[in-house]
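Here's the structure we're looking at; comments come further down.
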Amino acid sequence: MLRLSAPRIAPLAALAALAALVAGPAPVLRAQRVDSTLKGRILANLAAKTDSTYHYAAYISRAYADSGTAPLLLVLDPRGRAVGALENLAPAVERLGWVAISSYDTRGDAAPAVNQRIVNVMLADAFNALRLDTARIYVAGLSGTASDAWIFAYGSGGHIAGILSAGAGMPLDSAWRAAHGGRPPFDVALTASPERFGYDAMSALGRRLASDSAPSRLDLVGDAAGWPGEAVVGQALGWLEARAMARGLRPANRSFVDSVFAADSGAAAALEAAHRTGRAADAWTQAAEAWRGTHDVSFALGRAAVLGAQADVKRWRGERDSLAALDSTQRTSLVRTLMALRRTPGVPDLRRLTDAFRIVPLQQWASDAADSVRAEWARRRLSEIYARTSYYEPEAYLAVQDAARALAMLAIASEIRPGSADVCRERARAYALRQDSDRALADLRCALAGSAITVDEIRADPRYRFMQTRDDYLALIGRKPG
């Protein structure tokens, strides 16, 4: 019986949909034939047959054949942006011959049991409609849902072969971590941005996995929020495919493995050629660790050793590691301050909070071209403050109808990223709570212009119904006055 367990809640119920299908050594799958017109494109809005209250998008590669079985990738976006998540993943899914399903209902701040129910529904639909490989299920999570990917993989009884853990790693719960220490029984592809918070924790996780000889990789991404770009995702999923060959889960293809490994080696060599020796040393080390047991890594090990012995690389790594240690202290202080504010009545003073969070000094360090390591660290600190004050804290206050304190948090976020479309979206919700139609409408325009919200989302949100008598609001959502 396939079961999941998770932090903060009692053990989760069985993944009944999959458990029923894999109850025997050779399950018989009664799948429908897939029309060729449904392959090779994103199917944007599918209602779940198992439970029609849930919806998802899907991508079926052109290589999918009714006579064989395909790997399945479950995509858990932390804000339910099903299509947006698939857009970067679909090219790699197509090249590899996989099937991907992406939920509109998953949330990064939901309890694991909520997203587990969604996973059950997607699994039931997928295995009833398609011929899928029960030993090669993959889960991709971003930020909050990345932690859920770890929970589901550990609870899958070996059916989840690997995960893409983007921007965040294991659940923070110490009891869960104690129960799931050591080498994971699945492959792990991590991604993190040196410009965003969580990077130091992800780097530490990558080093811990390597020390346990766990098949894993850590890809660095740019500053853009959201899912990694197509190239990074393609490399990560390509590595998971190569790992499946190494584990005997699919036939070997040496030319494919060579091509994916060559891309990793080429990226490390490019960093070295650009005289980014610290990053190059890390990249060669990562390549050697990720491909150990899958490809010959002797050259990568050699380059990592040569670069790692250089004095400038040692200094670079020393400063990086000392700032990483400071990062944990800073994060703890930030969380304590925000939690104290929730317990304190009244609207907090903006200037006092910006001073407490050291926003101005961090902004100065972030723009210091002479010290790239400290500059990246400062940008990571600012990104965490921004993430908490632009979304998580405002949402917590809006949930209890406290528009004033939500707006106070958003004012801090605006100090970090003026004109942010995400801030506009949250501010529009706060002004709607106050029935301030002028300001709500102005911020909705800003959020739409920055693609932080869609017209359909505005139409579906009951908070904005009080503006339905305004012609300019109706024009914004594409409806005619009267």
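The values are calculated or read from the model by the stated rules, or taken from the named source; none is laboratory data. None of these values were measured; they are calculated from a predicted model. Neighbour counts run over all protein chains shown; Cβ positions are idealised from the backbone, glycine included.
Please count how many residues of the stretch 341-376 are among the small types (Gly, Ala, Ser), within 28 Å of the chain's Cα centre (by Cα) and assigned to a helix (DSSP H, G or I).
Looking only at that region, the number is 3.
Kindly indicate whether any position in the stretch 422-434 is basic (Lys, Arg) and touching a Leu at 6+ places or on another chain (Cβ under 7 Å).
yes
Looking at the structure I just gave you, is GLU415 touching a residue at least 60 places away in the same chain (Cβ under 8 Å) and under 18 Å from ILE453 (Cα atoms)?
When the stated conditions are applied, GLU415 does not pass them.
What residue, of ASP436, ASP471, ASP461, is touching a Pro at 6+ places or on another chain (Cβ under 8 Å), over 27 Å from THR337 (Cα atoms) and either modelled with pLDDT under 95 or in the same structural domain as THR329 (by TED's automatic domain parsing) (or both)?
Numbers: ASP436 fails: touching a Pro at 6+ places or on another chain (Cβ under 8 Å); ASP461 fails: touching a Pro at 6+ places or on another chain (Cβ under 8 Å).
Residue meeting the stated conditions: ASP471.
Name the one entry in ASP173, ASP148, ASP133, ASP125 that is touching a Gly at 6+ places or on another chain (Cβ under 6 Å) and assigned by TED's automatic domain parsing to the domain that holds PRO71.
One residue alone meets the criteria, ASP148.
Within the stretch 71-125, take every residue that is among the polar types (S, T, N, Q) and either touching a helix residue (DSSP H, G or I) at 6+ places or on another chain (Cβ under 6 Å) or free of Cβ contacts under 8 Å to residues at least 24 places away in the same chain (or both) and give me the one that is surrounded by the fewest Cβ atoms within 10 Å (Cβ to Cβ).
By that ranking, first place goes to ASN88.
Of the conditions (1) farther than 18 Å from ALA47 by Cα; (2) in a helix (DSSP H, G or I), VAL139 fails just one. Which one is it?
Unmet for VAL139, out of (1) farther than 18 Å from ALA47 by Cα; (2) in a helix (DSSP H, G or I): (2).
Filter the stretch 163-192 for residues that are modelled with pLDDT under 95 and of a type in the set (Gly, Ala, Ser) and give the result.
The answer is ALA166, GLY167, ALA168, GLY169, SER174, ALA175, ALA178, ALA179, GLY181, GLY182, ALA192.
If the Cβ limit is 7 Å and pairs must be 6+ apart or interchain, which residue in the stretch 429-458 that is over 14 Å from LEU476 (Cα atoms) pairs with which residue that is of a type in the set (Lys, Arg)?
Close Cβ pairs (under 7 Å, with a partner that is of a type in the set (Lys, Arg)) amount to ARG429/ARG463; TYR431/ARG439; ALA432/ARG463; LEU433/ARG463; ALA452/ARG425.
Select from the stretch 453-482 the residues that are closer than 17 Å to TYR431 by Cβ and assigned to a helix (DSSP H, G or I) and list them in ascending order.
Taking the stretch 453-482 and keeping what is closer than 17 Å to TYR431 by Cβ, we get 453, 457-458, 461-470, 472-473, 476-477.
Correct list: GLU457, ILE458, PRO462, ARG463, TYR464, ARG465, PHE466, MET467, ASP472, TYR473, LEU476.
If I filter the stretch 365-397 down to residues being of a type in the set (S, T, N, Q) and in contact (Cβ under 8 Å) with a residue 12 or more places away in the chain, which single residue comes out as surrounded by the fewest Cβ atoms within 10 Å (Cβ to Cβ)?
Here the residue is SER383.
The conditions are (1) out of contact with any Ser or Thr (no Cβ under 7 Å at 6 or more places or on another chain); (2) over 22 Å from ALA47 (Cβ atoms); (3) part of a helix (DSSP H, G or I), and ASP109 fails exactly one of them. Which is it?
ASP109 satisfies all of (1) out of contact with any Ser or Thr (no Cβ under 7 Å at 6 or more places or on another chain); (2) over 22 Å from ALA47 (Cβ atoms); (3) part of a helix (DSSP H, G or I) except (3).
How many residues, within the stretch 159-178, are farther than 23 Å from VAL233 by Cα, outside any helix (DSSP H, G or I) and not hydrophobic (A, V, I, L, M, F, W, C)?
Counting residues in the stretch 159-178 that are farther than 23 Å from VAL233 by Cα, outside any helix (DSSP H, G or I) and not hydrophobic (A, V, I, L, M, F, W, C) gives 1.
Tell me, which residue of the stretch 300-309 that is of a type outside the set (A, V, I, L, M) and surrounded by 14 or more Cβ atoms within 10 Å (Cβ to Cβ) is nearest to TRP239 (Cα to Cα)?
ARG303
Tell me yes or no: at least one residue of the stretch 185-199 is more than 12 Å from the chain's Cα centre (by Cα), closer than 24 Å to HIS295 by Cα and assigned to a loop (DSSP other than H, G, I, E, B).
Within the stretch 185-199, one or more residues are more than 12 Å from the chain's Cα centre (by Cα), closer than 24 Å to HIS295 by Cα and assigned to a loop (DSSP other than H, G, I, E, B).
For the stretch 114-143, which positions are over 26 Å from THR191 (Cβ atoms) and of a type in the set (Val, Ile, Thr)?
Scanning the stretch 114-143 gives VAL121, THR134.
Out of the residues in the stretch 401-452 that are in a loop (DSSP other than H, G, I, E, B) and under 27 Å from the mean Cα position of the chain (by Cα), which is surrounded by the fewest Cβ atoms within 10 Å (Cβ to Cβ)?
The selected residue is PRO418.
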